[in-house]
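**Q** Take a look at the following structure, please.
The values are calculated or read from the model by the stated rules, or taken from the named source; none is laboratory data. Since we're looking at a predicted model, the values are computed, not measured. Methodologically, a virtual Cβ is constructed for each residue, glycine included, from the backbone with ideal geometry; neighbour enumeration extends over all protein chains shown. Ligands, DNA and RNA are excluded from the accessible area calculation, which covers all protein heavy atoms including side chains. Shrake-Rupley method; radii C 1.70, N 1.55, O 1.52, S 1.80 Å.
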Amino acid sequence: MFRIISTARLAELDNLASAFPMVRSKCDGLEKDLETAQRQAKELTAKAEQDTARFHQELTDLNQQADARVAEARASVQRAQQQATVLIDGAAKRANDIERRADQKVRELNAEIEQLKAKLPHPTPNPQGVVARYQNLVGALIDLTLFVTEDTNAASGYGYSSKSVDLKLVSLCSGCGYREEETREQVYDSPDARTSFLENTYEGGKLKRWAQEHAETCRAVALPLQRAA
């Protein structure tokens, strides 16, 4: 049985049929665009995977290099520590050897000093003519020496001349060379005359006082002994 289509419906179907080629063409274009987008997406995905793989490889290489450098640094530190230990041990050994030799040398010098002390007379006699001696601040000696000028033609008795003599008392510092003197001329030589000269306040007593005052202030080191009339 045939179906009757109205004229309006028929016109609508005719319009749809005329629009179908355009829709089909647009659909084909969209499919092509979709295929292109999918292809680009695959390419981008592949490139992203390659970049990711390259990044991981570079990261692995950097980690390996860092580990190698850390290992090398640790090895260098260990070598430096070993070298420092060797140097310290060597220095300690040399120091101990120097100390041992120094102690031995000190013992030898002390033994020599004791031997020299044993050879010295006790007490050490003063030089001839020295009647008084003082020591300055650094060990130099200030000697008071009595010089007697006598007549070679005079007769002698009991060690003293019976004729007139000249007495000279000289104060001399062996450090700085400070020198003072007092003289008493033409006296008969005797123990009393010498004692009087040495103890007189303005002669021997004065030089003793001056020598002691000089010893309390002089800082000159000792020179070879100087004695002069």
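**Q** Please compute the per residue accessible area over the chain with all protein chains in place, 1.4 Å probe, rounded to a whole number of Å². Don't jump to the answer; show the numbers that get you there.
**A** On the way: 18120 Å² over 229 residues.
On a per-residue basis, the chain sits at 79 Å².
**Q** Sticking with this structure for a sec: Using R₀ = 35 Å, calculate the FRET efficiency as 1/(1 + (r/R₀)^6) where r is the Cβ-Cβ separation of Ile88 and Thr217; round to 0.05.
**A** Working: r = 52 Å, r/R0 = 1.48.
Between Ile88 and Thr217 the formula returns 0.10.
**Q** Can I ask one more? Which residues make up the longest stretch of the chain clear of chymotrypsin sites (Phe, Trp or Tyr not before Pro) that lie in a DSSP loop with no more than 10 other Cβ atoms within 10 Å, not counting the sites? Don't jump to the answer; show the numbers that get you there.
**A** Working: sites that count: Phe2, Tyr158, Tyr202.
Formally, the longest exposed-site-free interval is 3-157.
**Q** Further question on the same structure: So between Leu62 and Leu109, what do we pick up on full extension, going 0.36 nm a residue minus the alpha carbon distance? Mind showing how you got there, number by number?
**A** Working: separation 47, 0.36 × 47 = 16.92 nm, distance 6.87 nm.
Net length gain for the segment: 10.1 nm.
**Q** How far is helix 204-215 tilted, in degrees, relative to the longest principal axis of the Cα atoms in the chain, given as a value from 0 to 90 rounded to the nearest 10?
**A** The angle comes out near 10 degrees.
**Q** If you don't mind, another one. Would you mind checking which residues have amide H under 5 Å from Ala140's amide H? H placed 1.01 Å from N; only 5 or more apart, or other chain.
**A** Ala222
**Q** Leaving out ligands, DNA and RNA, what percent of the accessible area of the chain is carbon and sulfur, probe 1.4 Å? It would help to have the intermediate numbers written out before the result.
**A** Numbers: 9920 of 18120 Å².
That share works out to 55 percent.
**Q** Now for a different question. Taking all protein chains together and a probe of 1.4 Å, list Asp14, Asp166 from the most accessible to the least accessible. All intermediate terms of the calculation are to be shown ahead of the outcome.
**A** Values: Asp14 100, Asp166 55 Å².
Reading off the accessible areas and sorting them downward yields Asp14, Asp166.
**Q** Next question, about the same structure. Averaging the inverse of every distinct alpha carbon separation and then flipping it gives the Kirkwood radius. What is it for the chain, in angstrom units?
**A** Working: mean 1/r = 0.0327 Å⁻¹.
That comes to 30.6 Å for the chain.
**Q** So what's the back-of-envelope 222 nm ellipticity for the chain, counting only DSSP H runs of four-plus at -39500 (n - 2.57) apiece and dividing by all residues, rounded to 500?
**A** On the way: 3 runs with 134 residues, N = 229.
Helices in the chain give a 222 nm mean residue ellipticity of -22000 deg cm²/dmol.
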